[in-house]
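Student: Here's a structure for you.
The values are calculated or read from the model by the stated rules, or taken from the named source; none is laboratory data. This one's a predicted model, so the numbers in the text were calculated from it and none came from an experiment. For neighbour counting, all protein chains shown are included, and Cβ atoms are generated from backbone atoms with ideal geometry for every residue, glycine included. Ligands, DNA and RNA are excluded from the accessible area calculation, which covers all protein heavy atoms including side chains. Shrake-Rupley method; radii C 1.70, N 1.55, O 1.52, S 1.80 Å.
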Number of protein chains: 2
Amino acid sequence: MNSNPATTNPPNGAGATDVAPAPSPTFSPLYQQIKAFITQGLESGEWKPGEIIPSEVELAARYKVSQGTVRKAIDELAADNLLVRRQGKGTFVATHNEDRVQFRFLRLLPDDGDVHPHVSRLLECRRLRAPAEIARQLDLKPADPVVLIRRLLQFDGETTVFDEIWLPGAVFRGLTAERLADYKGPLYAMFETEFGTRMIRASEKIRAVAAEAGVAELLKVAEGFPLLSVERVSYTYGDRPVEVRRGWYVTTGYYYQNDLS
Amino acid sequence: MNSNPATTNPPNGAGATDVAPAPSPTFSPLYQQIKAFITQGLESGEWKPGEIIPSEVELAARYKVSQGTVRKAIDELAADNLLVRRQGKGTFVATHNEDRVQFRFLRLLPDDGDVHPHVSRLLECRRLRAPAEIARQLDLKPADPVVLIRRLLQFDGETTVFDEIWLPGAVFRGLTAERLADYKGPLYAMFETEFGTRMIRASEKIRAVAAEAGVAELLKVAEGFPLLSVERVSYTYGDRPVEVRRGWYVTTGYYYQNDLS
DNA sequence: TAGTGGTCTAGACCACCAT
DNA sequence: TGGTGGTCTAGACCACTAC
């Protein structure tokens, strides 16, 4: 279990009367290793989004550690939104489907708290060679194939968001306008179900910009109108970037919600 | 310890051969109660920001629970940034002073990753009666006294932020322009040190807006220039609102950084 | 009733820090 | 050397869900 450099202490630690492990310069707790094992299982597709993973006792037996150690590993994975615990039922792989946590990454809310379901209008979906900047952000070689999606989001009939979405072509093989148009629900749910790529976290750079002619026309605002520019990079397992998204938001009647702590 | 309705089970739970506690309809774990006790100690000023709190064993003895239970309580408080654990030393009350986590709530970063320390230029600090909207947000009665601070932030010489900060007058008695001007370091550090009010969390509404004449002049941009509008409400212990802040950010060369997960 | 996660305990040992 | 938080174990009981 424990594969510290310079230590080969077995299910070590407590209560046991073991050989004293050489104090390793780089100490890694057991539960971290368990965490890595479970993450591996998630990444390899051994347990797919929405599915249940083995119970704590079972995992404890498998990895030859105590239940408490498995528990701590799962606790952290649940805190990272990779797993979801449900008392009495089991522990499940988090998913962008079903959950009412569907639009976890869309932070745009209406001034009045009402919940307006939005609809997506696809403008185009085509393949091309990655521009240098996109390639850099997606960790691709320049001119590698990418997919570009352009779309509008309408809240309650009002056109509010214009998105340009860049995806690595190798991962999203077979993604076409038709399949996009047919799919109901969030993009990330589709990416997960259809392409086995799950978005774990994202990092955004937000600015206020003046609407340029093209964008202005799409969003039905005047040229120069202030828009919220949201540049997002999304990551999957192993912190590998798998999406670059540039969004322009009209923030009259809507705002970007953020909580600091 | 356990003050569940319909249950008066003593340091209950495990291993012990206690009377079976009546399954309460509203079950509250022991560690939650410990958490509440500790929070109380923080709020009452028993332990002040930067100070050390009693060790886990000591707290366990005081509350008549096991160390593990105290640990879980402290774990959650540390996750909420109310406490800071330091191995080998002890557990400390979080503070906006010292920490290199000083500007935890300022998310504006330069396009080049360099760290530019910023300077604050106070425009005014005066007392007045709360406008209806501010009163509502601060949970005050209309026309209650408030303090209004207006200031500019300069990054590397460039004027980048204009802030209007509203504080409840009752809490910030004796806050004057002189004291503000004299104080070095973040505002929240001063609020904590000088007024015993610690900001715990904040909620922001972000929009893109066109610069109005007054703001434009202060920020040295043209009227109509796109600015990031950041409306923040900050809360202290017990989720009581104690600051309303409206900021206008110039986002050329700078961006608002946000991480989603 | 059986299985799952959730709470609680008691005790051992480890890593880190101060003295 | 002694104290603090950090890890790990083993075992009990509780709450929730399903069968």
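Student: With the label 7 angstrom out along Cα to Cβ, how close does A:SER203 come to the same site in each of the other copies, in nm, nearest first?
Tutor: Values, ascending and in nm: 2.8.
Student: Right, here's the next one. Taking only Cα atoms, what is the 0 to 90° angle, nearest 10, from helix A:30-43's long axis to the longest principal axis of chain A?
Tutor: Computed tilt is about 50 degrees.
Student: A follow-up question, please. Whole-Hz ³J(HN,Hα) for each residue in segment B:63-78, computed from phi via Karplus 6.51 cos²θ - 1.76 cosθ + 1.60 with θ = phi - 60°, x for glycine and proline: what do you get?
Tutor: 8, 6, 10, 7, 4, x, 5, 4, 4, 5, 4, 5, 3, 5, 5, 5
Student: Let me know the charge dipole size of chain A about its Cα centre in debye, to the nearest 20, where only the beta-carbon of Lys, Arg (+1) and Asp, Glu (-1) is charged.
Tutor: Magnitude of the dipole: close to 580 debye.
Student: Further question: Which entries of A:LYS48/A:LYS205; A:LYS48/A:LYS184; B:LYS35/B:LYS64; A:LYS72/B:LYS35 show an alpha-carbon separation above 24 angstrom in the structure shown?
Tutor: Those over the limit are A:LYS48/A:LYS205.
Student: Report, in whole Å, the centroid distance computed from the Cα atoms of segment B:108-146 and segment B:203-243.
Tutor: Using only Cα atoms, the two centres lie 9 Å from each other.
Student: A further question on this structure: Determine the principal axes of the Cα atoms in segment A:108-256, then give the extent along each, sorted from largest to smallest and rounded to whole angstroms.
Tutor: 40, 30, 28
Student: Continuing with the same structure: Go ahead and run the numbers for FRET between B:GLN32 and A:ARG104, Cβ-Cβ distance against an R0 of 35 Å, rounding to 0.05.
Tutor: 0.85
Student: Putting +1 on Lys and Arg Cβ atoms and -1 on Asp and Glu Cβ atoms, find which of A:PRO29, B:LEU138, B:TRP47 reaches farthest to the positive end of the dipole of the protein assembly as shown.
Tutor: With unit charges placed on the Cβ atoms, the residue in question is A:PRO29.
Student: Under the √(5λ) rule applied to the eigenvalues of the Cα gyration tensor, what semi-axes describe the equivalent ellipsoid of the protein assembly as shown? Give them in Å, descending.
Tutor: Each semi-axis is the square root of five times an eigenvalue, giving 41, 36, 22 Å.
Student: In addition: Using only C-alpha positions, report the orientation-averaged shadow area of the convex hull of segment B:127-174, nm², one decimal.
Tutor: That works out to 3.9 nm², a quarter of the Cα hull's surface.
Student: Still on this structure, I have one more. Taking the Cβ of B:VAL57 as the center, what net charge do the other residues with Cβ under 14 Å away carry, scoring Lys and Arg +1 and Asp and Glu -1?
Tutor: Net of charged neighbours comes to +1.
Student: A further question follows. Sorted from shortest, what are the nm distances separating the label point of B:LEU122 from equivalent points in the other copies, each placed 7 Å from Cα along Cα to C-beta?
Tutor: B:LEU122 label point versus its equivalents elsewhere: 5.9 nm.
Student: Additional query: With each run of n ≥ 4 DSSP H residues scored as -39500 (n - 2.57), what mean residue ellipticity at 222 nm is computed for chain A after dividing by its residue count and rounding to the nearest 500 deg cm²/dmol?
Tutor: Value at 222 nm, helices only, nearest 500: -7000 deg cm²/dmol.
Student: Across segment B:150-159, in residue order, what do the Karplus-derived ³J(HN,Hα) couplings come to in whole Hz, using 6.51 cos²θ - 1.76 cosθ + 1.60 with θ = phi - 60° and x for Gly and Pro?
Tutor: Once θ is set to phi - 60°, the couplings for segment B:150-159 become 10, 7, 10, 10, 10, 9, 6, x, 7, 6 Hz.
Student: Size of the dipole of segment B:193-254 about the Cα centre, Lys and Arg at +1 and Asp and Glu at -1 on the beta carbon, nothing else charged, in debye to 20?
Tutor: Rounded to the nearest 20 debye, it is 240 debye.
Student: To the nearest 100 Å², how much accessible surface do chains A and B hide from each other in total, with a 1.4 Å probe?
Tutor: Counting protein atoms only, the buried area is about 2500 Å².
Student: Tell me the distances, shortest first, between B:ARG86 and the same position across the other copies, using label points 7 Å along Cα→Cβ, in nm to one decimal.
Tutor: For B:ARG86, the other copies' label points sit at 4.4 nm, shortest first.
Student: Is the shape of segment B:91-135 rounded, prolate or oblate, going by the alpha carbon gyration tensor and its root eigenvalues a ≥ b ≥ c, with a/c under 1.5 for rounded and a/b larger than b/c for prolate?
Tutor: oblate
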